[in-house]
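Take a look at the structure below.
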Amino acid sequence: MPLPGIGVAPAAGSLYQELASATRRAFVPRLFVQIYFGSPTLFYMTGNAQRAAGGLNQITIPMQGNSMVQGQFTGYGGGFNSPQIIPAIQNGQFNLAYWVVPVPLPFGETIIQATDREISLLKARMNDVYAVTRQNMARLMFTNNSANPLFTNSFQDAFDDGTNFPTYGGISRNAAGNSAFKGQYINLNSGTFSLGTAGFTRQSMATLLQYVTVQAGGEAPTFVVMNPGDYATLSNTFIAIEQSNPTPGNTYTMDTAVRSSFPNLVISGIPIFSDTFCPVGNVFGVNVKYTGMYLSEDAAFDFSGFYSLVPLGQIGQQGVVVVGYDVVSAKSKSGFWGYGLLGAAF
(Lines give C-alpha, C1' and ligand atoms only; values in the text may rest on other atoms or scores of the structure.)
Protein backbone atom coordinates (compact mmCIF):
# COMPACT_ATOMS: atom_id res chain seq x y z
CA MET A 1 0.00 0.00 0.00
CA PRO A 2 1.40 3.46 -0.89
CA LEU A 3 2.63 5.52 2.05
CA PRO A 4 1.26 9.10 2.42
CA GLY A 5 3.03 12.05 4.00
CA ILE A 6 6.58 10.88 3.31
CA GLY A 7 8.97 12.87 1.14
CA VAL A 8 7.13 14.60 -1.68
CA ALA A 9 3.98 12.52 -1.20
CA PRO A 10 1.12 14.61 0.23
CA ALA A 11 -0.53 13.74 3.53
CA ALA A 12 -3.44 11.32 3.59
CA GLY A 13 -6.60 12.84 2.21
CA SER A 14 -8.46 13.47 -1.01
CA LEU A 15 -5.42 14.87 -2.79
CA TYR A 16 -3.37 11.81 -1.89
CA GLN A 17 -6.18 9.43 -2.91
CA GLU A 18 -6.42 11.08 -6.33
CA LEU A 19 -2.65 10.87 -6.80
CA ALA A 20 -2.56 7.24 -5.72
CA SER A 21 -5.44 6.34 -8.05
CA ALA A 22 -3.76 7.89 -11.06
CA THR A 23 -0.14 6.97 -10.47
CA ARG A 24 1.62 3.65 -10.80
CA ARG A 25 4.19 2.89 -8.14
CA ALA A 26 7.84 2.66 -9.07
CA PHE A 27 8.83 -0.99 -8.72
CA VAL A 28 12.06 -2.93 -8.40
CA PRO A 29 11.41 -6.06 -10.52
CA ARG A 30 13.39 -8.37 -8.28
CA LEU A 31 12.45 -10.38 -5.21
CA PHE A 32 14.80 -9.92 -2.26
CA VAL A 33 14.56 -12.84 0.15
CA GLN A 34 14.91 -11.83 3.81
CA ILE A 35 15.39 -15.27 5.36
CA TYR A 36 17.62 -18.37 5.07
CA PHE A 37 21.30 -19.00 5.71
CA GLY A 38 24.09 -20.44 3.63
CA SER A 39 25.78 -23.69 4.64
CA PRO A 40 29.35 -24.41 3.46
CA THR A 41 29.09 -27.90 4.97
CA LEU A 42 26.05 -28.77 2.86
CA PHE A 43 27.76 -27.32 -0.21
CA TYR A 44 30.77 -29.56 0.40
CA MET A 45 28.73 -32.69 1.16
CA THR A 46 26.38 -32.22 -1.80
CA GLY A 47 29.26 -31.61 -4.17
CA ASN A 48 30.79 -34.94 -3.15
CA ALA A 49 27.55 -36.90 -2.90
CA GLN A 50 27.46 -40.55 -3.93
CA ARG A 51 24.67 -42.23 -5.87
CA ALA A 52 22.19 -44.57 -4.24
CA ALA A 53 19.55 -46.71 -5.93
CA GLY A 54 16.84 -49.16 -4.86
CA GLY A 55 16.87 -52.06 -2.44
CA LEU A 56 15.51 -52.68 1.03
CA ASN A 57 18.45 -50.80 2.49
CA GLN A 58 19.53 -48.33 -0.16
CA ILE A 59 22.89 -47.88 1.55
CA THR A 60 24.51 -51.10 2.76
CA ILE A 61 28.17 -50.92 3.75
CA PRO A 62 30.26 -53.97 4.77
CA MET A 63 32.26 -52.98 7.86
CA GLN A 64 35.15 -54.89 9.40
CA GLY A 65 35.35 -54.50 13.18
CA ASN A 66 37.99 -57.09 14.15
CA SER A 67 41.08 -58.83 12.74
CA MET A 68 40.21 -61.79 10.52
CA VAL A 69 43.56 -63.56 10.85
CA GLN A 70 46.29 -63.91 13.49
CA GLY A 71 50.04 -63.84 12.97
CA GLN A 72 52.87 -65.44 14.96
CA PHE A 73 56.63 -65.81 14.97
CA THR A 74 58.21 -69.04 13.82
CA GLY A 75 61.52 -70.75 14.47
CA TYR A 76 64.08 -72.80 12.53
CA GLY A 77 61.56 -75.50 11.66
CA GLY A 78 59.04 -73.01 10.25
CA GLY A 79 56.13 -74.38 12.25
CA PHE A 80 52.97 -72.41 12.97
CA ASN A 81 49.53 -72.97 14.45
CA SER A 82 46.62 -73.80 12.19
CA PRO A 83 44.67 -70.67 11.19
CA GLN A 84 41.31 -69.99 12.78
CA ILE A 85 38.29 -68.61 10.96
CA ILE A 86 37.39 -65.38 12.73
CA PRO A 87 34.12 -63.66 11.68
CA ALA A 88 34.71 -59.91 11.62
CA ILE A 89 32.45 -58.29 9.02
CA GLN A 90 29.02 -56.81 9.64
CA ASN A 91 26.76 -54.78 7.39
CA GLY A 92 25.97 -51.19 8.24
CA GLN A 93 22.53 -50.63 6.76
CA PHE A 94 20.75 -47.35 6.11
CA ASN A 95 17.58 -46.31 4.32
CA LEU A 96 17.33 -43.07 2.40
CA ALA A 97 15.05 -40.37 3.75
CA TYR A 98 12.69 -38.72 1.28
CA TRP A 99 11.90 -35.03 1.50
CA VAL A 100 8.99 -33.71 -0.55
CA VAL A 101 7.84 -30.15 -1.25
CA PRO A 102 4.40 -29.76 -2.86
CA VAL A 103 4.06 -26.76 -5.19
CA PRO A 104 0.62 -25.19 -5.79
CA LEU A 105 -0.40 -23.31 -8.94
CA PRO A 106 -3.90 -21.92 -8.35
CA PHE A 107 -6.24 -20.99 -11.17
CA GLY A 108 -6.50 -17.33 -10.19
CA GLU A 109 -2.75 -16.87 -10.09
CA THR A 110 -2.39 -18.40 -13.54
CA ILE A 111 -4.95 -16.02 -15.03
CA ILE A 112 -3.90 -12.85 -13.21
CA GLN A 113 -0.17 -13.29 -13.78
CA ALA A 114 -0.47 -14.37 -17.39
CA THR A 115 0.52 -10.81 -18.35
CA ASP A 116 1.56 -7.60 -16.61
CA ARG A 117 3.42 -9.27 -13.80
CA GLU A 118 6.44 -7.75 -12.09
CA ILE A 119 7.39 -10.80 -9.99
CA SER A 120 6.39 -14.29 -11.10
CA LEU A 121 4.92 -15.95 -8.03
CA LEU A 122 5.50 -19.36 -9.60
CA LYS A 123 9.18 -18.63 -10.20
CA ALA A 124 9.54 -17.27 -6.67
CA ARG A 125 7.80 -20.35 -5.29
CA MET A 126 10.04 -22.72 -7.24
CA ASN A 127 13.14 -20.88 -6.00
CA ASP A 128 11.77 -21.21 -2.49
CA VAL A 129 11.43 -24.97 -2.93
CA TYR A 130 15.19 -25.18 -3.35
CA ALA A 131 15.86 -22.79 -0.47
CA VAL A 132 13.53 -24.58 1.97
CA THR A 133 15.03 -27.93 0.99
CA ARG A 134 18.57 -26.68 1.42
CA GLN A 135 17.81 -25.19 4.83
CA ASN A 136 16.27 -28.42 6.04
CA MET A 137 19.14 -30.57 4.77
CA ALA A 138 21.73 -28.28 6.35
CA ARG A 139 19.96 -28.24 9.72
CA LEU A 140 19.43 -31.99 9.94
CA MET A 141 23.14 -32.72 9.41
CA PHE A 142 23.88 -31.38 12.90
CA THR A 143 20.88 -32.54 14.96
CA ASN A 144 19.62 -35.62 16.76
CA ASN A 145 17.07 -37.03 14.32
CA SER A 146 16.45 -40.39 15.97
CA ALA A 147 13.00 -39.46 17.29
CA ASN A 148 11.55 -39.55 13.77
CA PRO A 149 12.39 -42.62 11.65
CA LEU A 150 11.53 -40.68 8.49
CA PHE A 151 14.43 -38.28 9.05
CA THR A 152 18.00 -38.66 7.87
CA ASN A 153 21.04 -39.61 9.89
CA SER A 154 23.42 -36.87 10.97
CA PHE A 155 26.95 -36.15 12.17
CA GLN A 156 25.75 -36.71 15.72
CA ASP A 157 24.91 -40.40 15.37
CA ALA A 158 27.71 -40.92 12.85
CA PHE A 159 30.43 -39.96 15.36
CA ASP A 160 28.81 -40.92 18.67
CA ASP A 161 30.52 -43.52 20.86
CA GLY A 162 27.37 -45.34 21.92
CA THR A 163 26.47 -42.85 24.66
CA ASN A 164 23.57 -41.26 22.79
CA PHE A 165 23.19 -43.68 19.87
CA PRO A 166 23.91 -47.27 20.99
CA THR A 167 23.05 -48.60 17.52
CA TYR A 168 24.24 -47.21 14.21
CA GLY A 169 23.38 -48.70 10.86
CA GLY A 170 21.87 -51.68 12.65
CA ILE A 171 25.15 -52.46 14.48
CA SER A 172 25.28 -52.31 18.28
CA ARG A 173 28.25 -50.21 19.31
CA ASN A 174 28.12 -51.44 22.88
CA ALA A 175 27.99 -55.17 22.10
CA ALA A 176 31.01 -57.30 22.96
CA GLY A 177 33.71 -57.03 20.31
CA ASN A 178 32.15 -53.99 18.61
CA SER A 179 34.27 -51.21 20.11
CA ALA A 180 35.68 -50.46 16.64
CA PHE A 181 32.28 -49.15 15.59
CA LYS A 182 32.34 -46.40 18.21
CA GLY A 183 33.00 -42.85 17.10
CA GLN A 184 34.83 -40.12 18.97
CA TYR A 185 32.42 -38.34 21.33
CA ILE A 186 34.57 -35.85 23.24
CA ASN A 187 33.70 -33.62 26.19
CA LEU A 188 35.63 -30.44 25.46
CA ASN A 189 35.21 -29.07 28.97
CA SER A 190 36.62 -31.87 31.10
CA GLY A 191 39.45 -34.36 31.24
CA THR A 192 41.97 -34.03 28.42
CA PHE A 193 40.31 -30.91 27.02
CA SER A 194 39.39 -28.68 29.95
CA LEU A 195 38.91 -25.53 27.91
CA GLY A 196 36.89 -23.78 30.63
CA THR A 197 35.18 -20.60 29.48
CA ALA A 198 37.96 -19.51 27.12
CA GLY A 199 36.97 -21.50 24.04
CA PHE A 200 39.48 -22.81 21.51
CA THR A 201 42.90 -21.32 20.97
CA ARG A 202 45.33 -22.27 18.23
CA GLN A 203 47.21 -24.46 20.69
CA SER A 204 44.18 -26.29 22.09
CA MET A 205 42.75 -26.88 18.62
CA ALA A 206 46.08 -28.31 17.47
CA THR A 207 46.04 -30.63 20.48
CA LEU A 208 42.52 -31.80 19.69
CA LEU A 209 43.38 -32.46 16.05
CA GLN A 210 46.39 -34.55 16.98
CA TYR A 211 44.31 -36.49 19.50
CA VAL A 212 41.47 -37.33 17.10
CA THR A 213 43.95 -38.21 14.35
CA VAL A 214 45.63 -40.76 16.61
CA GLN A 215 42.27 -42.18 17.72
CA ALA A 216 41.27 -42.54 14.06
CA GLY A 217 44.30 -44.69 13.29
CA GLY A 218 46.49 -41.89 11.98
CA GLU A 219 44.03 -40.35 9.50
CA ALA A 220 43.24 -36.70 10.06
CA PRO A 221 39.77 -35.19 9.46
CA THR A 222 39.21 -33.60 6.08
CA PHE A 223 37.64 -30.55 7.71
CA VAL A 224 36.37 -29.25 11.05
CA VAL A 225 33.16 -27.23 11.34
CA MET A 226 32.08 -24.99 14.23
CA ASN A 227 29.34 -22.54 15.08
CA PRO A 228 30.22 -18.95 14.05
CA GLY A 229 30.31 -17.87 17.69
CA ASP A 230 32.81 -20.57 18.61
CA TYR A 231 34.75 -19.97 15.41
CA ALA A 232 35.08 -16.26 16.20
CA THR A 233 36.73 -17.09 19.53
CA LEU A 234 39.29 -19.29 17.78
CA SER A 235 39.79 -16.75 15.01
CA ASN A 236 40.54 -14.02 17.55
CA THR A 237 43.62 -15.95 18.69
CA PHE A 238 44.94 -15.59 15.13
CA ILE A 239 44.04 -11.92 14.82
CA ALA A 240 46.03 -11.13 17.96
CA ILE A 241 49.29 -12.12 16.24
CA GLU A 242 48.59 -10.76 12.76
CA GLN A 243 51.18 -8.53 11.17
CA SER A 244 51.50 -6.81 7.81
CA ASN A 245 54.87 -6.91 6.04
CA PRO A 246 55.36 -4.11 3.50
CA THR A 247 57.17 -4.79 0.26
CA PRO A 248 60.26 -2.56 -0.13
CA GLY A 249 59.82 0.01 -2.85
CA ASN A 250 56.00 -0.15 -2.90
CA THR A 251 53.90 2.93 -2.23
CA TYR A 252 51.40 2.65 0.65
CA THR A 253 48.53 5.11 1.05
CA MET A 254 45.20 5.31 2.87
CA ASP A 255 43.72 3.31 -0.01
CA THR A 256 46.07 0.36 0.43
CA ALA A 257 44.00 -2.65 1.49
CA VAL A 258 45.23 -4.79 4.36
CA ARG A 259 43.50 -8.11 4.81
CA SER A 260 42.70 -9.08 8.38
CA SER A 261 41.14 -12.29 9.71
CA PHE A 262 40.12 -15.18 7.46
CA PRO A 263 36.92 -16.93 6.26
CA ASN A 264 38.51 -20.22 7.32
CA LEU A 265 41.53 -21.24 9.33
CA VAL A 266 44.08 -23.99 8.79
CA ILE A 267 45.62 -25.70 11.81
CA SER A 268 47.85 -28.76 11.44
CA GLY A 269 46.97 -28.73 7.74
CA ILE A 270 43.25 -29.14 8.43
CA PRO A 271 40.77 -26.44 7.29
CA ILE A 272 38.38 -25.16 9.95
CA PHE A 273 35.31 -23.11 9.05
CA SER A 274 32.04 -21.94 10.53
CA ASP A 275 28.50 -23.01 9.71
CA THR A 276 25.41 -21.30 11.11
CA PHE A 277 23.61 -24.63 11.43
CA CYS A 278 26.25 -26.13 13.72
CA PRO A 279 24.96 -25.78 17.31
CA VAL A 280 26.87 -23.51 19.68
CA GLY A 281 29.31 -25.47 21.82
CA ASN A 282 29.61 -28.32 19.32
CA VAL A 283 32.48 -29.11 16.96
CA PHE A 284 32.48 -31.77 14.25
CA GLY A 285 35.43 -33.25 12.38
CA VAL A 286 34.62 -35.12 9.16
CA ASN A 287 36.78 -37.40 7.02
CA VAL A 288 35.11 -37.55 3.62
CA LYS A 289 36.88 -40.80 2.73
CA TYR A 290 34.39 -42.50 5.04
CA THR A 291 31.59 -40.00 5.61
CA GLY A 292 29.41 -38.60 2.88
CA MET A 293 26.00 -37.86 1.49
CA TYR A 294 24.15 -40.38 -0.65
CA LEU A 295 21.60 -39.08 -3.16
CA SER A 296 18.93 -41.22 -4.77
CA GLU A 297 19.45 -41.46 -8.51
CA ASP A 298 15.66 -41.72 -8.85
CA ALA A 299 14.84 -38.70 -6.67
CA ALA A 300 17.65 -36.18 -6.91
CA PHE A 301 15.75 -32.90 -6.55
CA ASP A 302 13.32 -34.13 -9.18
CA PHE A 303 10.12 -32.26 -10.04
CA SER A 304 7.01 -34.22 -11.00
CA GLY A 305 5.64 -31.52 -13.28
CA PHE A 306 2.24 -29.93 -12.77
CA TYR A 307 -0.93 -32.03 -12.75
CA SER A 308 -4.53 -30.84 -12.96
CA LEU A 309 -6.70 -30.69 -9.83
CA VAL A 310 -9.90 -30.96 -11.89
CA PRO A 311 -10.54 -34.57 -10.76
CA LEU A 312 -10.68 -33.15 -7.22
CA GLY A 313 -13.27 -30.56 -8.20
CA GLN A 314 -10.86 -27.64 -8.41
CA ILE A 315 -9.43 -25.60 -11.26
CA GLY A 316 -5.71 -25.47 -10.66
CA GLN A 317 -2.55 -27.52 -10.73
CA GLN A 318 0.02 -28.87 -8.33
CA GLY A 319 3.38 -30.61 -8.49
CA VAL A 320 5.93 -31.92 -6.06
CA VAL A 321 9.72 -31.87 -5.72
CA VAL A 322 11.31 -35.00 -4.23
CA VAL A 323 14.82 -35.65 -2.95
CA GLY A 324 15.97 -38.92 -1.39
CA TYR A 325 19.23 -38.74 0.56
CA ASP A 326 21.10 -39.61 3.73
CA VAL A 327 24.34 -38.63 5.45
CA VAL A 328 26.22 -41.66 6.78
CA SER A 329 29.67 -42.74 7.85
CA ALA A 330 31.31 -46.06 7.01
CA LYS A 331 33.86 -45.52 9.80
CA SER A 332 32.60 -43.66 12.84
CA LYS A 333 36.03 -43.41 14.43
CA SER A 334 37.30 -41.43 11.42
CA GLY A 335 35.49 -38.31 12.66
CA PHE A 336 34.59 -36.73 15.96
CA TRP A 337 31.82 -34.90 17.77
CA GLY A 338 33.09 -32.49 20.38
CA TYR A 339 30.56 -31.07 22.82
CA GLY A 340 30.46 -28.85 25.90
CA LEU A 341 32.64 -26.14 24.35
CA LEU A 342 32.34 -22.82 26.18
CA GLY A 343 33.56 -19.34 25.40
CA ALA A 344 31.56 -18.53 22.26
CA ALA A 345 32.10 -14.91 21.23
CA PHE A 346 28.34 -14.46 20.73
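The values are calculated or read from the model by the stated rules, or taken from the named source; none is laboratory data. Just so we're clear, the structure is a prediction, and the values are computed from it rather than from any experiment. In this analysis, Cβ positions are derived from the backbone assuming ideal geometry, glycine residues included, and neighbour counts consider all displayed protein chains.
Here are some conditions: (1) surrounded by fewer than 17 Cβ atoms within 10 Å (Cβ to Cβ); (2) touching a residue at least 60 places away in the same chain (Cβ under 8 Å); (3) not in a loop (DSSP other than H, G, I, E, B). Thr197 meets all but one. Which one does it not meet? Checking Thr197 against (1) surrounded by fewer than 17 Cβ atoms within 10 Å (Cβ to Cβ); (2) touching a residue at least 60 places away in the same chain (Cβ under 8 Å); (3) not in a loop (DSSP other than H, G, I, E, B), the one that fails is (3). All of Gly305, Gly340, Gly335, Gly313 fail the test of being among the small types (Gly, Ala, Ser) and under 18 Å from the mean Cα position of the chain (by Cα), apart from Gly335.
Can we say Thr110 is assigned to a helix (DSSP H, G or I), modelled with pLDDT under 95 and in contact with a strand residue (DSSP E or B) (Cβ under 9 Å, 6 or more places away or on another chain)? Judged against the criteria, Thr110 is a match. If you filter the range 143-164 down to residues that are in contact with a strand residue (DSSP E or B) (Cβ under 7 Å, 6 or more places away or on another chain) and assigned to a loop (DSSP other than H, G, I, E, B), you find that the one that is surrounded by the most Cβ atoms within 10 Å (Cβ to Cβ) is Thr152. On inspection, Glu118 fails the criterion of being part of a helix (DSSP H, G or I), modelled with pLDDT under 95 and of a type in the set (Asp, Glu).
Of the strands (runs of 3 or more DSSP E) entirely within the range 291-346, those holding at least 1 residues that are farther than 19 Å from Cys278 by Cβ occupy 291-296, 316-329.
Residues in the range 34-53: is at least one polar (S, T, N, Q), surrounded by 10 or more Cβ atoms within 10 Å (Cβ to Cβ), without any contact (Cβ under 8 Å) to a residue 60 or more places away in the chain and over 30 Å from Thr291 (Cα atoms)? So that I can check it myself, show each step before the final result.
The first filter runs over the range 34-53 and keeps only residues polar (S, T, N, Q), leaving 34, 39, 41, 46, 48, 50.
Checking which are surrounded by 10 or more Cβ atoms within 10 Å (Cβ to Cβ) leaves us with 39, 41, 46, 48, 50.
Subset that is without any contact (Cβ under 8 Å) to a residue 60 or more places away in the chain: none.
No.
Only a single criterion out of (1) within 22 Å of Asp128 (Cβ to Cβ); (2) of a type outside the set (A, V, I, L, M); (3) part of a loop (DSSP other than H, G, I, E, B) is not satisfied by Gly55, namely (1).
Lys123 fulfils the conditions (1) of a type outside the set (S, T, N, Q); (2) assigned to a helix (DSSP H, G or I); (3) in contact (Cβ under 8 Å) with a residue 12 or more places away in the chain except for a single criterion, (3).
Filtering the range 1-51 to residues that are in contact with an Asp or Glu (Cβ under 7 Å, 6 or more places away or on another chain) and not in a loop (DSSP other than H, G, I, E, B) leaves Pro40, Thr41, Arg51. The lone criterion from (1) at pLDDT 90 or above; (2) surrounded by 12 or more Cβ atoms within 10 Å (Cβ to Cβ); (3) not small (Gly, Ala, Ser) left unmet by Leu31 is number (1). Of the residues making up the range 307-346, those that are surrounded by fewer than 16 Cβ atoms within 10 Å (Cβ to Cβ), under 30 Å from Thr110 (Cβ atoms) and either in contact (Cβ under 8 Å) with a residue 40 or more places away in the chain or not aromatic (Phe, Trp, Tyr) (or both) are Ser308, Val310, Pro311, Leu312, Gly313, Gln314, Ile315, Val320.
For Val132, indicate whether it is β-branched (Val, Ile, Thr), under 30 Å from Ile86 (Cβ atoms), touching a residue at least 24 places away in the same chain (Cβ under 8 Å) and not in a loop (DSSP other than H, G, I, E, B). Judged against the criteria, Val132 is not a match. Does any residue of the range 137-149 turn out to be out of contact with any Leu (no Cβ under 9 Å at 6 or more places or on another chain), of a type in the set (Lys, Arg) and within 25 Å of Gly47 (Cα to Cα)? Scanning the range 137-149, I find at least one residue that is out of contact with any Leu (no Cβ under 9 Å at 6 or more places or on another chain), of a type in the set (Lys, Arg) and within 25 Å of Gly47 (Cα to Cα), so the answer is yes. I need the full set of residues from the range 81-107 which are among the small types (Gly, Ala, Ser) and either within 20 Å of Tyr36 (Cα to Cα) or part of a strand (DSSP E or B) (or both), in order please. Gly92, Ala97, listed by residue number. Scanning the range 215-222 turns up no residue that is more than 22 Å from Gln156 (Cα to Cα) and in contact (Cβ under 8 Å) with a residue 40 or more places away in the chain. Scanning the range 220-255 for residues that are in a loop (DSSP other than H, G, I, E, B) and either closer than 27 Å to Ala344 by Cβ or touching a Ser or Thr at 6+ places or on another chain (Cβ under 6 Å) (or both) gives Ala220, Pro221, Thr222, Asn227, Ala240, Ile241, Glu242, Gln243. Cβ-Cβ contacts under 9 Å between residues 6 or more apart (or on different chains), taken from a first residue in the range 248-266 that is within 30 Å of Gly285 (Cα to Cα) and of a type in the set (Gly, Ala, Ser) to a second residue that is surrounded by 10 or more Cβ atoms within 10 Å (Cβ to Cβ) and modelled with pLDDT under 75, are listed as Ser260/Glu242; Ser261/Glu242.
Note on the range 278-290: among residues that are aliphatic (A, V, I, L, M) and part of a strand (DSSP E or B), the one that is farthest from Arg51 (Cα to Cα) is Val283.
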